[in-house]
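Asker: Mind having a look at this structure? Questions to follow.
The values are calculated or read from the model by the stated rules, or taken from the named source; none is laboratory data. Note that the coordinates shown come from a computational prediction; the quantities given were computed from them, not determined experimentally. Every residue, glycine as well, gets a Cβ built from its backbone with ideal geometry; the counts of neighbours run over all protein chains shown. The protein model used for the area step is the full one, side chains on, heavy atoms only, and it has no ligands, DNA or RNA in it. Shrake-Rupley method; radii C 1.70, N 1.55, O 1.52, S 1.80 Å.
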Amino acid sequence: MAPSAYASHFSDRNIPFGIASSKKHPNRQAVTRLADSVLFLADLCEHDLFSTVQGLPDNVFARSALNDFAALDRSVFKAVRQTIQDAFRSHGLEGFPRDSVEDISAVTMHLPVNVGDFADFSCSLEHVKNAGRIIINDERPPPAFFNLPIVYQGRASSVVVSGTPIERPMGQFRDKTAPGAPVIFGPTRALDYELEFAAVVGKPLSMRQRLKAADADNHIFGFVVLNDWSARDIQAFEMMPLGPANGKNLGTTISPWVVTLDALEPYRLPTPPRTLPVPLHLDDPDNGAYDVRMQVEVVVGDSATVIGASEVQSLYWTIRQMVAHIVSAGSALRTGDLLATGTVSGPGKGTHGCLLEATSGGVTLIQLENGSTRAYLEDGDVVRMTAVAGGADSGIGWGDCVGELLPAQPYK
């Protein structure tokens, strides 16, 4: 078979983890990927490939979510990855039992973890400035922004895996086309995406157990690409004075592959300078940014238009600081929790991670490759997000994070 568009994302430097099934493997179970080959890890256990890995429970890869594996010590992940890498580097795919390997086109990917909590931060200074300028004509960040990574709690029940369609939500918002802008109930007129990066919590942390940013890696299993779909008109009406709810609860899409910290370690970078000193729990002398470039496209039929490309390393607050902050008041961490960065945006045209910024709130239309224009998403549009660490030629990636927008289903 011809290689897929994302085969290069999955070299032996990556070894991500996911959950898949197929005709040959009808039960959902843990997998990894090498180029376009998917390795079913429960099969590898049956052939004793991991017999030397200390601390790996029996049948952990036969489960329908990665939670039990993700909760293990990081040394176990490293040993599993190293074992797969050694076998592949010594013998190629012939180093694995034939019945354990299938082409990516033959498998169905599923949600990699059971998500208990979803918290969405706002770590991009450029996004905050851009959104403030568009919405309230004031690009100054909220008073707390430079002191802590601001955050709201999302709906874990709305998290879905890449490829799952998203339905245009019904909600309440002001009809700005009518005199007096009355509040109406109907399908959103301003459906948007948000290009985000998210940590998947691994090792849990009990309530009232303090954590410093420098120690947060011990509780991170890996990272996914995340699309926090947003109904801007519903969100705008409900956010005064509380945070977003139904404007965000319509769906949150994540990539099927979890890329581990160890895979990303070669791509670690220093963080941008801080405007203000941070409290003890947010201090991170080693820094925690990664060289990850993200991109978002809107696909209409066979035509794809790149709307924005931005960099995770540009974020003001790091993943480590997000983890440390979310538990600083006493909250627990549970395996499978998602902690997202918020929209990853840059300062100029072509670097925006959402249509709110790219169209100045729907005022400036974007020209698509097929000749049509967009202020916000239309029914049938497909949003495709990708991310690569370290560059397209020598880096690793996540494949894609995709969702198609379906028409709203009215109340009967």
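Asker: Considering only protein heavy atoms and a probe of 1.4 Å, how much of the accessible area of region 118-406 is carbon and sulfur, as a whole percent?
Answerer: 53
Asker: Next question, about the same structure. Could you state how much accessible area Thr108 has, in square angstrom rounded to the nearest 10, with a 1.4 Å probe and all protein chains kept in place?
Answerer: Solvent-accessible area, nearest 10 Å²: 70 Å².
Asker: Sticking with this structure for a sec: Can you list residues from other chains, or at least 5 along the same chain, whose modelled amide H is less than 5 Å from the amide H of Gly403?
Answerer: For Gly403, whose amide H was placed from the backbone, the distant partners under 5 Å are Gly163, Val383.
Asker: Additional query: As an exercise, use a Förster radius of 60 Å and the Cβ-Cβ distance of Lys23 and Asp138 to find the FRET efficiency, rounded to the nearest 0.05.
Answerer: With R0 = 60 Å, the Cβ-Cβ based efficiency is 0.60.
Asker: To continue, here is another question. Could you check how much of the accessible area of region 7-110 is carbon and sulfur, as a whole percent, using a 1.4 Å probe?
Answerer: About 45 percent, which is the carbon plus sulfur part of the accessible surface.
Asker: Order Lys23, Lys78, Lys412, Lys129 by their accessible area, 1.4 angstrom probe, all chains in place, largest first.
Answerer: Most to least solvent-accessible, the answer reads Lys412, Lys23, Lys78, Lys129.
Asker: Just to check, using Stokes-Einstein with a Kirkwood Rh over alpha carbon pairs, what's the diffusion coefficient of region 109-186 at 20 °C and 1.002 mPa s in µm²/s?
Answerer: Details: Rh = 16.1 Å.
Once the numbers are plugged in, D ends up at 133 µm²/s.
Asker: In the set (1) 21.9; (2) 23.3; (3) 29.6, which value of Kirkwood radius over Cα pairs in Å was calculated from the structure you see?
Answerer: After the calculation, the listed value that fits is (1).
Asker: Next question. Quick check on region 139-232: take the gyration tensor over C-alpha atoms, sort the square-rooted eigenvalues as a ≥ b ≥ c, and tell me if it's rounded (a/c under 1.5), prolate or oblate.
Answerer: Details: a/c = 2.85, a/b = 1.75, b/c = 1.62.
Here region 139-232 falls in the prolate category.
Asker: Compute the acute angle (0 to 90°) between the alpha-carbon long axis of helix 125-136 and the principal axis of greatest extent of the alpha-carbon atoms of the chain; round to the nearest 10°.
Answerer: Roughly 30 degrees between the two axes.
Asker: Straight distance only, please: which aspartates and glutamates reach the Cα of Lys176 with their own Cα at less than 16 Å, same-chain residues fewer than 8 apart left out?
Answerer: Asp233, Glu238
Asker: If packing is taken as the average number of other Cβ atoms within 10 Å across a peptide's residues, how do 276-283, 241-248 rank, most packed first?
Answerer: 241-248, 276-283
Asker: Could you sort the peptides 90-98, 25-33, 376-384 by per-residue average Cβ neighbour count (10 Å cutoff), highest mean leading?
Answerer: In descending order of packing, they fall as 25-33, 376-384, 90-98.
Asker: Under the classification rounded if a/c is under 1.5, otherwise prolate if a/b is larger than b/c and oblate if not, where does region 7-110 fall, given a ≥ b ≥ c as square roots of the Cα gyration tensor eigenvalues?
Answerer: Rounded is the answer for region 7-110, as its axis ratio a/c remains below 1.5.
Asker: For a quick protection proxy, order the peptides 45-55, 342-352 by their average other-Cβ count within 10 Å, most packed first.
Answerer: Peptide ranking by packing, descending: 342-352, 45-55.
Asker: Excluding residues on the same chain fewer than 8 positions from Lys212, give the aspartates and glutamates whose Cα lies under 14 Å from its Cα.
Answerer: Asp283, Asp284, Asp286
Asker: Let me know the charge dipole size of region 7-110 about its Cα centre in debye, to the nearest 20, where only the beta-carbon of Lys, Arg (+1) and Asp, Glu (-1) is charged.
Answerer: Value, rounded to 20: 300 debye.
Asker: At 1.4 Å probe size, with every protein chain present, just tell me what the per residue accessible area of the chain comes to in Å².
Answerer: 43
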